[in-house]
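The values are calculated or read from the model by the stated rules, or taken from the named source; none is laboratory data. For clarity, every value in this text was computed on a predicted model and none was experimentally measured. Here the Cβ positions follow ideal geometry from the backbone for every residue, glycine too, while neighbour counts run over all protein chains shown.
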Amino acid sequence: MALYKIALRFSNDNASARRVKWSNVFYRNVDTAVLAANSGITAWTNHLNQAARRSVFCYEVYASSVTEGDSDYVVLAVPPGDQRALGPVPVGAQQYQLNSCLAVNLPVSGSRPSRKFWRPGLFESDVENGTEVITSLVSAIQSSFNSMLAGSAWLDPDGQAVLPAVTVKFTQRKLGRLAGFNLPTVPAQG
């Protein structure tokens, strides 16, 4: 087995703000890039899709070996019916500023936490006083990440085990300068 980098690629489709794309990276020890990418798709369809609003979708997973000299990689599309997140979009709410996100700290055995900047599709009604995200959304994100990590072999970039019991904090993280280019096709709502 080898350590694989698994990038879940996301985009949004909210009409009240510009469309962008981004990714979140996870790691696993598996035998092939195809197995790694499929574990990313499974993580999205079984767990993480509950940690975002329906305006967010995961359209593909890129997996590559981190072993020097190994060129094993693959890009797999998430099936169209599984791309959309499951969280409801607040009625009549406007999307919150795009650089706002949640820092999800994943505990690592014997090391400092691994951090993911999670973009759940924040709306104005999700943020209180510009500093706190509503408890129900934070709980859904914690529950989804903890569920994904429970009993699974997710790792940090150094190959150490990532554990459940994540913490979530509101923060700012700029999107890349190419976040608005070459956007994926928006999946159907149904």
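Summary table below
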| item | result |
| --- | --- |
| Of all residues making up region 141-190, the number that are surrounded by 17 or more Cβ atoms within 10 Å (Cβ to Cβ), within 18 Å of residue 102 (Cβ to Cβ) and charged (D, E, K, R) | 0 |
| Residue pairs meeting the criteria (Cβ under 6 Å; at least 6 apart or on separate chains; first modelled with pLDDT under 95, in region 114-134; second among the basic types (Lys, Arg) and crowded, with 17+ Cβ neighbours inside 10 Å) | 121/53 |
| Sole residue being touching a Phe, Trp or Tyr at 6+ places or on another chain (Cβ under 7 Å), farther than 17 Å from residue 189 by Cβ and surrounded by 22 or more Cβ atoms within 10 Å (Cβ to Cβ), chosen from 28, 9 | 28 |
| Enumeration of residues in region 113-124 that are under 12 Å from residue 88 (Cα atoms) and either touching a Pro at 6+ places or on another chain (Cβ under 6 Å) or among the hydrophobic types (A, V, I, L, M, F, W, C) (or both) | 122, 123 |
| Sole exception among (1) hydrophobic (A, V, I, L, M, F, W, C); (2) assigned to a strand (DSSP E or B); (3) within 19 Å of residue 127 (Cα to Cα) for residue 106, by number | (3) |
| Residues of region 29-77 satisfying the condition of being assigned to a helix (DSSP H, G or I), over 19 Å from residue 120 (Cβ atoms) and not β-branched (Val, Ile, Thr) | 33, 35, 36, 37, 38, 39 |
| Residue that is farthest from residue 4 (Cα to Cα) [pool: residues in region 129-167 that are among the β-branched types (Val, Ile, Thr) and touching a Phe, Trp or Tyr at 6+ places or on another chain (Cβ under 8 Å)] | 131 |
| Residue match in region 35-55 (condition: out of contact with any helix residue (DSSP H, G or I) (no Cβ under 6 Å at 6 or more places or on another chain), in contact (Cβ under 8 Å) with a residue 40 or more places away in the chain and of a type in the set (Phe, Trp, Tyr)) | no |
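Here's the yes/no breakdown for (1) assigned to a loop (DSSP other than H, G, I, E, B); (2) farther than 18 Å from residue 53 by Cβ:
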| site | (1), (2) |
| --- | --- |
| 112 | no, yes |
| 115 | no, yes |
| 121 | yes, no |
| 125 | no, no |
| 142 | no, no |
| 174 | yes, yes |
